[in-house]
Amino acid sequence: MDGTAFFLLRLNDHIQYLRKIQATLDGKGDFRGTDFHACKLGTWLYGAGPAEAAAAGPEAAALFDSLIEPHQRFHQASHEAIARQEAGDPAGSRAAVTEMMTLSATLVDTLLALDKAAKG
């Protein structure tokens, strides 16, 4: 398996999820999000991910471990953003979106670093 393409696929999974959440927040969709275990990235994180990252080397394994907490927090923030918006709390929703975007940047950076580590 081409490890480089593999980690970029996980990055794409995350970006697609983020786009669906943003569409809902923009009133252009009805995606409610999922539990952090159930999205495509989460399925990988709690499934084949540890072994695949370990196979890419110790740096990749360490990077993999650093994905878990921000990924969970990203899902919490995305649910909070939708809930606050629906409760008529635009400021609260904006704050949750800011946190969501910050965590998303962390996830993207880490997945790109995994891609780089997989290249050797």
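Quick note: the coordinates plus some simple rules give every number you see, no bench work behind them. Since the structure is predicted, the reported quantities are computational estimates derived from the model, not experimental observations. Neighbour counts run over all protein chains shown; Cβ positions are idealised from the backbone, glycine included.
Label-to-label distance, Leu8 versus Ile68, with points set 7 angstrom from Cα along the beta-carbon direction: 2.9 nm. Once C-alpha pairs closer than 8 Å and six or more residues apart are averaged by separation and normalised to the residue number of the chain, the relative contact order reads 34 percent. Each Lys and Arg contributes +1 and each Asp and Glu -1, all at the Cβ; summed about the Cα centre of the chain, the dipole is approximately 240 debye. Translational diffusion of the chain, estimated by Stokes-Einstein from the Kirkwood radius over alpha carbon pairs at 4 °C in a medium of 1.567 mPa s, is 88 µm² per second.
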